[in-house]
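For reference, the structure discussed in these notes is given below.
The values are calculated or read from the model by the stated rules, or taken from the named source; none is laboratory data. The model shown is predicted, which means the values in this text are computed figures rather than measured ones. Here Cβ is always computed from backbone atoms with ideal geometry, including for glycine, and neighbour counts include all displayed protein chains.
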Amino acid sequence: MSESSIVILITSACLNLIFFVALFFLTKDLFSIKSQLSDVKDKLISKEKTEKDQEGRVTALKNQVEAIKSTDSVTGLATKQVLLERIKFMVTESKRYDLIFAVLFMNLNEFKVLQNAIGDEAADGVLKKTAERLKDVLRNLDLVARFQEDDFVILLPQLAKAETAAYVAKRIINAMEKPFLINDQEVFVAASLGVSLYPIDADNDSLLLKNAELALHQAKASGCSIYQFYKKEMQIKSDRNLLIRSDLQKPRVENQFVLYYQPIININEKRIDGMQVLLYWKHETLGLLSFNDFLQQAEETGAIDSIGKWVLRNACQQLYQWRLDGFKFLSVSIPISIRQLENPHFVYNSSQILKEFHVELSSIIFEVSEKGLKINSDLSEKSLLMLNEMGVQTCVSDFGTGNMVLWKLKDFHVESLKIASDVVRNIAISKDMVYVVQMINSLAATLGLRLFASGVNYKKQAEKLSELGCNLMQGDLFNPPIEAKYFTKELEKDILNFQFS
């Protein structure tokens, strides 16, 4: 073999070796790249899966949030938001198909009082059971929502006639009258309902709700376990109340107030025993308003406290002046509200005003209505006790309307009862009213309380009351309410010349 052939073979062998070495490393790199690509692919797949899981969790969380938004946590009912959306939908659908539907606004009467008595947890139990009873009464297509706190709204779609809403309202009231068993204790809750109808009462969602709520307020004012349909007059009353609320908060509104006085006569002794104070408001737009015409608005706005101070100060000033003029009235009776008694500063503020005018404490009688004492609180009871210890007298007015728990009467530390004018009105013609007065008289005698009668406008009423043992009377028969400046010695003589026929 020639030398050149050997060189060629060696060169070829070297080249092959170099090729195989290069191929080896190239293959190794390819496997490495493939492995890296596989890792990248796995990571991408893992990332995609993670992102999908995250999306799933986000979606689940969103669904959970929506569920929370749409379901009340205590009752499991629909929320206010769901209700509002459904009413809007029903308005649209009912317009298209010419349908009737009803909105029922329901409130649990005196629920806050109950809540304070049994505690929050037990009160939540009442709300849950209320929801269950409402569901039992309603159809599957009806919607019931917890609107706020102890307010519920029921939507009754596709009604054949308006009377169906009344039928459902009656069923709800009947269902609510049965006792609730909470923690092995029977709890009684009454409900009131207001009803508005589409399209009779309103043709949009907000007005339907507003009108149903106005009807509810009217139902509550009429008593417990009552339903009331919306009437246009309610809107007029609402606007009037809104005007009163607004004007009560204006500066120097007391400049429009005036006090009238009505004598309280002792028939047996032929003397004026005291004077009843009556607050009136000479309203620029609404004319002369009695205290009862704006009492609720005064309480709701908080104006009642400043009004109460104004009345007491002016009544004390007038009593002081009458004493200087030689009148010998034993007392002035001043109406107060339960909200005033619940103010922890009421007794102190009153005592300061009484000191200012050097008025004998026993000559002041604070009158609180029987209805007010029915919903008494610990604060009001403490205030009555403190007034009693001070020497100021207290009286339960409008007595005999059947609202008060009689066995609690002694706990209120009152000195007198005033028979309601509603009882006096028919005393001369109704045996039932005679029995009521006899029972009240017997109760007053047993508890050692003085007994008055208000609203005595006719002689026959006075005769019957005197015959039944009630000799302290107030009413137009003797003299209508007048401003103090018109009360004179001559008028006093005329009043005391009263004679039975």
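Is the stretch 256-271 home to any residue that is among the polar types (S, T, N, Q), within 20 Å of Ile334 (Cβ to Cβ), without any contact (Cβ under 8 Å) to a residue 40 or more places away in the chain and surrounded by fewer than 19 Cβ atoms within 10 Å (Cβ to Cβ)? Yes: the stretch 256-271 contains one or more residues that are among the polar types (S, T, N, Q), within 20 Å of Ile334 (Cβ to Cβ), without any contact (Cβ under 8 Å) to a residue 40 or more places away in the chain and surrounded by fewer than 19 Cβ atoms within 10 Å (Cβ to Cβ). When you scan the stretch 445-452, do you find a residue that is surrounded by 14 or more Cβ atoms within 10 Å (Cβ to Cβ), within 30 Å of the chain's Cα centre (by Cα) and either of a type in the set (Phe, Trp, Tyr) or over 23 Å from Lys382 (Cβ atoms) (or both), even just one? Checking the stretch 445-452: not a single residue is surrounded by 14 or more Cβ atoms within 10 Å (Cβ to Cβ), within 30 Å of the chain's Cα centre (by Cα) and either of a type in the set (Phe, Trp, Tyr) or over 23 Å from Lys382 (Cβ atoms) (or both).
Of the helices (runs of 4 or more DSSP H) lying entirely inside the stretch 391-501, those carrying at least 3 residues that are within 19 Å of Tyr260 (Cβ to Cβ) and either of a type outside the set (Lys, Arg) or assigned by TED's automatic domain parsing to the domain that holds Ile364 (or both) are 489-496. Close contacts from the stretch 149-160, counting a first residue that is under 13 Å from Leu77 (Cα atoms) and a second that is part of a loop (DSSP other than H, G, I, E, B), with Cβ to Cβ under 8 Å and a gap of 6+ residues or different chains, come to Phe152/Leu77; Ile154/Leu138; Ile154/Asp142; Leu155/Asp142.
Scanning the stretch 96-107 for residues that are surrounded by 17 or more Cβ atoms within 10 Å (Cβ to Cβ) and at pLDDT below 95 turns up just one, Ile100. For the residues Phe357, Phe346, the requirement of being among the hydrophobic types (A, V, I, L, M, F, W, C) and in contact with a Ser or Thr (Cβ under 8 Å, 6 or more places away or on another chain) singles out Phe346.
Of everything in the stretch 202-236 that's in contact with a Leu (Cβ under 8 Å, 6 or more places away or on another chain) and over 19 Å from Ile172 (Cβ atoms), which residue is surrounded by the fewest Cβ atoms within 10 Å (Cβ to Cβ)? Step by step, filter the stretch 202-236, then rank; the result is Gln235. Among residues of the stretch 324-343 that are outside the structural domain of Tyr260 (by TED's automatic domain parsing) and more than 15 Å from Leu384 (Cβ to Cβ), none has a beta-carbon under 9 Å from a residue that is surrounded by fewer than 21 Cβ atoms within 10 Å (Cβ to Cβ) and at pLDDT below 90 at least six positions away or on a different chain.
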